[in-house]
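Participant: One structure, as structure tokens, below. Some questions next.
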Amino acid sequence: MIRAPLFMDDSTASDDGPAAEADGAPPLAPSWAPGYARVHADLPPLSFQFRASPEDFIVEELAAHVEAPDPTGTHIWFTVEKRDVSTPEAARRIARALDRHPAEVSFAGRKDAVAVTRQRMSIEHVDVETLLALDLDKIRIRDPLRCLRKIRLGQQSGNRFHLRLSGVAEGDHGELTRQVDALGRDGVPNYYGAQRFGADGKGLALGRALVQAEPIEYLELLSHAVPRRTREAAQELVRRIREGNTSERRRATELCGSLDDDFRPVAQTLARRRPDDVAVLVRSVPKRSRSFHLAILQARVFNRILAERVHAGTSATVLEGDVVRRPDGRHVVTEVGGCEGVPTGPLWSADVLVAEGRPGEIERAALAAEGLRPEELANPGGLTPRGARRPLTARFGNAEVGPWIDGSVWIAFDLPVGSYATIAMAELTGIPDVAADH
């Protein structure tokens, strides 16, 4: 059902925001999706604003599995409601408040930062009353359950989005409903959205450095991407790695109090081992961070593949040689075109299953266009990524359009794990989110 925000502060939503359509100008080409195109280009673009405030963009996690409570369990599952805070930052704040390491707080998936979101997290060996008593800015904790196992990444079936669209002309309400129905029927292109890539392209640069640059260059870039409050200490640590004497390196732990979670283990490794090979220090950056940087690079290659298929009108059509996912979860190469199923694109690694025929040509060309070779993805930054496939089209389900009230309309819909509501909105407005380019 269409609903109001999960919780709100004293601020009120504003109708002011960037225009969804710029006086008929062609859509900007986002750097995170070279060649970007709409699947529903035949539908007239609609004009509205959304995400004028976090309360306009509400995300509820859809659980894939609900753990049965067990009074003997040592893991506490709890619901986190947050406003204008990223999932990793929320986990860090909760961990700091409990005097625990951030890695001890588990979650099923990352949720939008500029939004009001509800998701599950877990932590082991914590007093429930202490957890509920935490007073954290823009974060609320509720509904604790004692369980036998922790929450694991990916343990969700998708997300339900509730979006407030403002500046909607009353005469466009019927067209909005018609187009939302079309998305429900046809699905949406499964691009990774701008949020995946971060502001100013720093995430993409880190992914490239992890794969292709010297280890010290990756650490140098990372030192410029950490929170501002820890940046000076991170850059001093990189200086010591690059040119510091033995004494400075041995005393690297003196910087730990001013370093963020990515660089603290680097300082500890430098002080303890003082390795000649900087790659050892890169491998001490938490695996979660290195994996995320690599995933950004994989996402850009995927977006390039999808854009090519959208231009060809085949993003939802199985071609000969396509890799489709079977009901049992396995991926197979199709020998004939036109069969049932959803074509997929690769999240490239050295051993990923690659399509054949024309789909395979598109996949290899996209990797080459990024200046990458499969063998470079065998062991980047000490990682051993496994090949994966992602559907080119995302299911858009259980859609609802609320009434038009003073220029605003609430809509709600479900998307699978890893799919972006902003991409669905781009199908309606004709303009992709270019936030990552600024």
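Throughout, read-outs are computed from the coordinates displayed, never taken from laboratory work. Quick caveat, the model's predicted, so the values are computed rather than measured. Cβ atoms come from the backbone with ideal geometry, glycine included; neighbour counts cover every protein chain shown.
Participant: Viscosity 1.002 mPa s, temperature 20 °C: give me the Stokes-Einstein translational D for the stretch 65-154 in µm²/s, with Rh taken as the Kirkwood radius over C-alpha pairs.
Facilitator: Working: Rh = 12.9 Å.
After rounding, the answer is 166 µm²/s.
Participant: May I ask you to list, by number, the DSSP H helices of the chain whose Cα span along the axis is at least 30 Å and whose average Kyte-Doolittle hydropathy reaches -0.5 or more? Mind showing how you got there, number by number?
Facilitator: On the way: long enough: 287-312 (37 Å, -0.13).
Once both thresholds are applied, what remains is 287-312.
Participant: So what is the diffusion coefficient of the stretch 190-278 in µm² per second by Stokes-Einstein at 25 °C and 0.890 mPa s, using a Kirkwood Rh over Cα pairs?
Facilitator: 178
Participant: Right, next: Can you give me the three principal axis dimensions of the stretch 48-203 from its C-alpha atoms, in Å, biggest first?
Facilitator: Sorted from largest, the Cα extents of the stretch 48-203 read 57, 33, 29 Å.
Participant: If you take every DSSP beta bridge whose two residues both sit in the chain, what share of them, in percent to the nearest 5, is antiparallel?
Facilitator: Numbers: 51 of 54 bridges.
In the chain, DSSP labels about 95 percent of beta bridges as antiparallel.
Participant: D for the chain, whole µm²/s, Stokes-Einstein with Kirkwood Rh over alpha-carbon pairs at 37 °C and 0.692 mPa s: what number? Please list the in-between numbers first.
Facilitator: Values: Rh = 23.5 Å.
In µm²/s, the coefficient is 140.
Participant: Only bridges with both residues in the stretch 65-154 count here: give the DSSP antiparallel percent, nearest 5. Walk me through the numbers before you get to the answer.
Facilitator: Numbers: 19 of 19 bridges.
Bridges in the stretch 65-154 that DSSP calls antiparallel: roughly 100 percent.
Participant: Among the lysines, which have Cα under 17 Å from the Cα of LYS202 when same-chain residues fewer than 8 positions away are ignored?
Facilitator: none
Participant: Let me ask something else. Taking amide hydrogens as modeled 1.01 Å from N in the peptide plane, which residues meet the under 5 Å criterion relative to GLN156, leaving out close sequence neighbours?
Facilitator: ALA64
Participant: Long-range amide H contacts for HIS331: which residues qualify at under 5 Å (H placed 1.01 Å from N, peptide plane, sequence gap of 5 or more or a different chain)?
Facilitator: So HIS331 has HN proximity to ARG326.
Participant: Taking the number of other C-beta atoms within 10 Å as the exposure measure, put CYS256, CYS147 in order starting with the fewest.
Facilitator: Numbers: CYS256 16, CYS147 21.
With the sparsest Cβ surroundings first, the list reads CYS256, CYS147.
Participant: Near LYS138, which lysines are there with a Cα under 21 Å away, not counting those fewer than 8 places off in the same chain?
Facilitator: Within the straight-line limit of under 21 Å, LYS138 reaches these lysines: LYS82, LYS111.
Participant: Mind ranking 127-133, 423-429, 59-65 by how tightly packed they are, going by the mean number of other C-beta atoms within 10 angstrom, highest first? Walk me through the numbers on the way to the answer.
Facilitator: Numbers: 127-133: 11.6, 423-429: 24.0, 59-65: 16.6.
Listed from highest to lowest mean packing, they are 423-429, 59-65, 127-133.
Participant: Ranked highest first by the average count of other Cβ atoms within 10 Å around their residues, in what order do 396-406, 80-90 fall?
Facilitator: Values: 396-406: 14.9, 80-90: 20.9.
Order by mean packing, descending: 80-90, 396-406.
Participant: Give, rounded to the nearest 20 debye, the magnitude of the charge dipole that the chain has about its Cα centre when Lys and Arg contribute +1 at Cβ and Asp and Glu contribute -1 at Cβ.
Facilitator: Values: 57 positive and 63 negative charges, 382 e Å.
Magnitude of the dipole: close to 1840 debye.
Participant: If packing is taken as the mean number of other Cβ atoms within 10 Å per residue, what is the order of 281-290, 363-372, highest first? Before the final figure, lay out the partial values.
Facilitator: Values: 281-290: 19.5, 363-372: 17.0.
Result, highest mean first: 281-290, 363-372.
Participant: In addition: Compute the distance from the alpha-carbon center of the stretch 244-296 to that of the stretch 332-354, in whole Å.
Facilitator: That distance is 39 Å.
Participant: Counting helices only, and only those DSSP H runs with n ≥ 4, report the 222 nm mean residue ellipticity of the chain as the sum of -39,500 (n - 2.57) divided by its residues, in deg cm²/dmol to the nearest 500. Spell out each step's value before the answer.
Facilitator: Working: 12 runs with 136 residues, N = 438.
Here the helix-only value at 222 nm equals -9500 deg cm²/dmol.
Participant: From the convex hull of the Cα coordinates of the stretch 316-391, what is the mean projected area in square nanometres?
Facilitator: Details: hull surface 20.7 nm².
If you wrap the Cα atoms of the stretch 316-391 in a convex hull and average its projections, you get 5.2 nm².
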